[in-house]
There are 4 protein chains.
Amino acid sequence: MGKEVIYTQRVEFGDCDPARIVWFPNFFRWIDAASRHFFIECGVAPWHVTEQTMGVIGTPLVDTHAKFMKTASYGDVLQIHTSVADWRGKSFVQRYRIRRDADEIMECDEVRIFAARLDGGGIRALAIPDEIRKLCE
Amino acid sequence: MGKEVIYTQRVEFGDCDPARIVWFPNFFRWIDAASRHFFIECGVAPWHVTEQTMGVIGTPLVDTHAKFMKTASYGDVLQIHTSVADWRGKSFVQRYRIRRDADEIMECDEVRIFAARLDGGGIRALAIPDEIRKLCE
Amino acid sequence: MGKEVIYTQRVEFGDCDPARIVWFPNFFRWIDAASRHFFIECGVAPWHVTEQTMGVIGTPLVDTHAKFMKTASYGDVLQIHTSVADWRGKSFVQRYRIRRDADEIMECDEVRIFAARLDGGGIRALAIPDEIRKLCE
Amino acid sequence: MGKEVIYTQRVEFGDCDPARIVWFPNFFRWIDAASRHFFIECGVAPWHVTEQTMGVIGTPLVDTHAKFMKTASYGDVLQIHTSVADWRGKSFVQRYRIRRDADEIMECDEVRIFAARLDGGGIRALAIPDEIRKLCE
């Protein structure tokens with residue numbers, strides 16, 4: 001099944017819009033932090049280190065699909081349950097379940113890659129590095 | 001087919017991350033602006049007005065699915081082609097194609113609702129208001 | 001001297017810019033959260049409650065002055081030491097000292113007001129509410 | 001007096017908070033964009049180019065002082081009048097006047113440096129590059 005890491009996020013006043021609910025792009029800010037945090041908790045070095053050691057500059061998104069079930073507002077504390085649902089050749093599916101205790105707020109499945117920088121600018125997908133995968137399973 | 005509105009967005013230094021490419025949650029910030037802009041360009045009143053006239057406080061997201069094809073960085077100018085791809089009973093599909101001239105950067109299909117505020121807090125979906133739909137077709 | 005509340009903030013990848021340091025507007029996001037958190041920790045009700053009970057919709061900024069001493073980057077954990085340095089007739093000075101353990105990262109003094117909504121739109125400053133001031137001293 | 005460049009910024013729904021006014025950290029996002037835009041309009045190369053040619057990775061903030069005069073909300077279009085008010089040995093004062101047509105919304109004076117990357121990480125201030133100063137006067 002792989003590891004699951006929980007990232008905790010407070011919702012602040014400024015995260016909410018005039019409708020007084022979380023402005024949805026903020027969920028993606030938190031998900032991206034949860035993604036990075038997942039790898040750190042699994043023991044993977046920060047990206048500025050992996051850039052030196054294996055050429056990995058980060059895990060850019062290829063595809064994301066999210067469902068919003070309940071709204072959240074400031075004062076709420078959210079738990080972002082994070083795991084890798086699938087390892088593929090050159091990409092992986094990272095899964096997020098955002099809860100406010102028992103309430104399901106949002107769920108999201110992403111396809112991400114491990115990216116290296118191309119000489120002429122731009123980035124390319126690397127094969128999933130074994131040493132990273134082992135740490136996360 | 002419905003109307004298409006193009007929203008233009010400059011990419012700024014602060015929109016980019018240490019990998020020097022747009023940090024992806026910013027695409028959702030711009031898409032949300034493009035969504036609102038679409039309705040304004042079609043002649044729909046701002047949400048603080050529609051809240052008074054028809055109870056509509058905005059168009060919160062129910063579901064979003066995005067693909068990222070090419071990266072963008074600061075100095076780029078993006079065109080967000082925005083339309084409504086489908087009108088359903090209590091929701092609609094809003095479609096975005098983000099281009100940097102000929103380059104396809106990102107595409108996104110969203111399910112959104114027209115929301116009213118519930119008495120006890122929270123929001124609910126209204127039936128698609130005819131007067132809004134007519135303006136957008 | 002008044003109470004001091006410490007707000008803890010992780011720095012994330014997406015908080016950093018292509019120079020790989022925190023993009024400075026993010027410090028103001030965190031300071032605003034620390035401001036609200038200060039009042040909550042002192043026992044003041046959330047703004048949507050105070051709007052009902054005493055007309056206070058929040059504490060908008062009038063003036064801010066910040067110095068940036070050291071840079072921070074992702075992986076850092078910051079402590080935002082927050083207090084009220086001065087109570088005036090219709091405004092107050094809120095003070096922030098952002099540290100990464102012993103390192104001084106940023107300091108900021110703000111003038112804020114307790115705002116009420118005006119009938120025709122816009123906001124106005126209220127006299128400092130005694131019940132709020134007592135909780136914070 | 002030096003050049004003045006005007007940067008135009010739409011205010012969006014998501015830029016506003018539950019009090020329905022611009023959440024103030026967003027003003028700093030726009031000011032930072034106006035800062036960079038000022039140099040581009042004066043003919044300075046983008047920072048990723050100046051990093052190669054003269055070691056300048058950007059213009060981090062040292063100090064900022066802002067006053068907020070009137071609120072703004074979504075639908076507003078702001079003009080950010082940007083100039084350099086003072087050139088010093090290793091820093092400069094960048095000045096912003098944000099207007100909504102005749103209304104004065106915010107003003108801000110910043111001290112910034114031209115930064116180079118240090119070998120061991122971190123940044124340092126360079127002497128003001130003559131070729132940049134000449135382009136901006």
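The values are calculated or read from the model by the stated rules, or taken from the named source; none is laboratory data. This structure is a prediction, so every number in the text was calculated from the model and none was measured. Glycine gets a Cβ as well: all are built from the backbone with ideal geometry, and neighbour counts include every protein chain shown. Ligands, DNA and RNA are excluded from the accessible area calculation, which covers all protein heavy atoms including side chains. Shrake-Rupley method; radii C 1.70, N 1.55, O 1.52, S 1.80 Å.
Tabulated values for the structure
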quantity: Gyration tensor (Cα) of the protein assembly as shown, equivalent ellipsoid semi-axes in angstrom; calculated: 32, 32, 26
quantity: Globularity ratio of the range D:6-59, using Cα Rg and 2.2 N^0.38 Å; calculated: 1.47
quantity: Cα→Cβ-extended label distance, 7 Å offset, between A:Val77 and C:Arg100, nm; calculated: 2.6
quantity: Label geometry 7 Å along the beta-carbon vector: A:Lys70 inter-copy distances in nm; calculated: 4.2, 4.2, 4.3
quantity: Stokes-Einstein D (µm²/s) once Rh is taken as the Kirkwood radius of the range A:58-106 over alpha-carbon pairs, at 25 °C in 0.890 mPa s; calculated: 197
quantity: Modelled FRET efficiency - R0 35 Å, D:Thr53 with B:Asp109, Cβ distances, 0.05 increments; calculated: 0.25
quantity: Whole-angstrom Cα spans of chain A along principal axes, big to small; calculated: 45, 35, 23
quantity: Solvent exposure ordering (accessible area, 1.4 Å, most first) of C:Thr53, B:Thr50, D:Thr8; calculated: C:Thr53, D:Thr8, B:Thr50
quantity: Total accessible surface hidden between B and D, rounded to 100 Å², 1.4 Å probe; calculated: 1500
quantity: Peptide-level mean, for B:79-85, of C-beta atoms on other protein chains within 10 Å; calculated: 0
quantity: Taking chain B and dividing mean pair separation by its residue count, relative contact order in percent (alpha carbons under 8 Å, at least six apart); calculated: 29
quantity: Calculated from backbone phi, Karplus (6.51, -1.76, 1.60) coupling profile of the range D:60-70 in Hz, x at Gly/Pro; calculated: x, 6, 10, 7, 9, 9, 10, 10, 10, 9, 9
quantity: 7 Å along Cα→Cβ, label-point gaps from B:Arg10 to other copies, nm, shortest first; calculated: 1.4, 3.4, 3.5
quantity: For C:55-67, mean number of other protein chain Cβ atoms within 10 Å; calculated: 5
quantity: Acute angle (nearest 10 degrees) that the helix C:25-42 long axis makes with the longest principal axis of chain C, alpha-carbon atoms; calculated: 50
quantity: Trypsin sites (Lys or Arg not before Pro) restricted to the range D:59-135 and DSSP loop, no more than 12 other C-beta within 10 Å; calculated: D:Arg88, D:Lys90
quantity: Environment charge at A:Arg112 (Cβ cut-off 12 Å; Lys +1, Arg +1, Asp -1, Glu -1); calculated: -1
